[in-house]
Amino acid sequence: MTQISIGSKENAAVARGRGLLTRAECNALRGLAILGIFLHNFCHWLNPIVKENEYQYFQRNVDWFAQCAARVNELFPAHVISFFGHYGVPVFLFLSAYGLEMKYGNGQGKTPDARRVGMVPFVRYHYLKLFKMMIVGFICFTIIDAMTAGSWHYNIGQIIGQLLMINNFYDQPDRNIWPGPFWFFGLMLQLYVVYRLLLYRRHWGWTVGLMVACTGVQLLMNPEGELLNYWRYNFMGGMLPFGLGLLFARYGNKIMLVNLNFGSFLMSWVVCSFFIVSASGAFYTWVIVPALVCYASVYLIKTISTLPLSWLRDCVGFVLGWLGNVSAALFVIHPAIRKVFITVSRQGDIYTGLLLYVIASLGAAWLVMKLMRHIPNPKL
């Protein structure tokens, strides 16, 4: 997801990589990530459902989830999605860095070497790729938002900030970005700048240093403070999974073992999942959960791709692959669809509203994907 995922050219570069992730596996990872994100963004809007620790760490949310896990009822799937689903974002960051490094750093792609492309043309190209997606979703959302209850009243600064993708830098960004999921565009634009300016074909120490610094500083902040919220809205909060994806593209099995068999992949996924749940329960380990999620996601997809039952492997692979293909369109359109159907769930029929939301979002994403194909791509 150099768009919301690795773009088509970057997927081609990845597919020519060193046997780390195939194109189908990249698509499946994108599908898994967008599945978590768009389901999470619906469930966490519902009052009876547990809230997540995405930008700040609230112990009360951890305790709330633990209580729900101790007394499982029909709402438990929604609790799990709300609490963990947002970790699809780190998976997208991981894939974005992986695709960038395969495309530019390893000389695998057909596009010009990034060193021959100046800083400004490089950023302009990726800004326009993001803008192509964002503007379609932003127009759809503002129209539907104005026609439904609780519409947002934009000021000129918020509109300009969204169009330029700089609103993550605003004071209290969560009160200046609407729809909320569109904070991702500003985050990605910042990471493109960081990649081209600081990380491209530089010693691995630059990447590791940024990962350690950006993650470690969070430990000095108030877990519930506005400073931590601001930090994680910007590139510093996404540096850990982004850097991990870059290092994985460069060093492969030295970063993550991917030449294993089905049983080893399955066990690796189980172990990583256990550590994700455990680490989510304390602030000082919560900050590394995005990296653990990247490991778990890759091992889950590798487990699926090596399933002994071919019919099950093909079925799951098809569903996740299709979701991966529409991931960019689904990301930009789901906030508008959520605004329409959230009232059904808020009136008490939670899963009916969720089902309608899923069906409508997938249908709308397919249409938006077709529309976006008619918008010219920028040239590098």
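A few remarks follow.
- Which numbered condition Trp311 misses (of (1) closer than 17 Å to Asn27 by Cα; (2) without any contact (Cβ under 8 Å) to a residue 12 or more places away in the chain; (3) of a type in the set (Phe, Trp, Tyr)): (1)
- Only residues that are modelled with pLDDT under 95 and either closer than 21 Å to Ala149 by Cα or in contact with an Asp or Glu (Cβ under 6 Å, 6 or more places away or on another chain) (or both) were counted in the range 347-380, giving 3.
- Residues of the range 157-199 that are acidic (Asp, Glu) and surrounded by 14 or more Cβ atoms within 10 Å (Cβ to Cβ): Asp174 alone.
- A residue that is without any contact (Cβ under 8 Å) to a residue 24 or more places away in the chain and of a type outside the set (S, T, N, Q) cannot be found anywhere in the range 86-105.
- Subset tally (residues that are surrounded by 18 or more Cβ atoms within 10 Å (Cβ to Cβ) and either within 14 Å of Met188 (Cα to Cα) or among the acidic types (Asp, Glu) (or both)) for the range 213-244: 12
- Residue match in the range 231-249 (condition: modelled with pLDDT of 95 or more and over 19 Å from the mean Cα position of the chain (by Cα)): no
- Helices (runs of 4 or more DSSP H) (entirely within the range 95-206) containing at least 1 residues that are of a type in the set (Val, Ile, Thr) and within 25 Å of Phe38 (Cβ to Cβ): 119-147, 156-164
- Restricting Leu307, Leu354, Leu323 to those that are assigned to a loop (DSSP other than H, G, I, E, B) and surrounded by 17 or more Cβ atoms within 10 Å (Cβ to Cβ) reduces the list to Leu307.
- Matching residues, the range 251-269, being within 25 Å of the chain's Cα centre (by Cα) and either acidic (Asp, Glu) or surrounded by 16 or more Cβ atoms within 10 Å (Cβ to Cβ) (or both): Gly252, Ile255, Met256, Val258, Phe265, Leu266, Ser268, Trp269
- Qualifying residue in the range 52-72 (condition: closer than 23 Å to Tyr295 by Cβ, β-branched (Val, Ile, Thr) and in a helix (DSSP H, G or I)): yes
The values are calculated or read from the model by the stated rules, or taken from the named source; none is laboratory data. Predicted model only: the values in this text are computed from it and were never measured. Glycine gets a Cβ as well: all are built from the backbone with ideal geometry, and neighbour counts include every protein chain shown.
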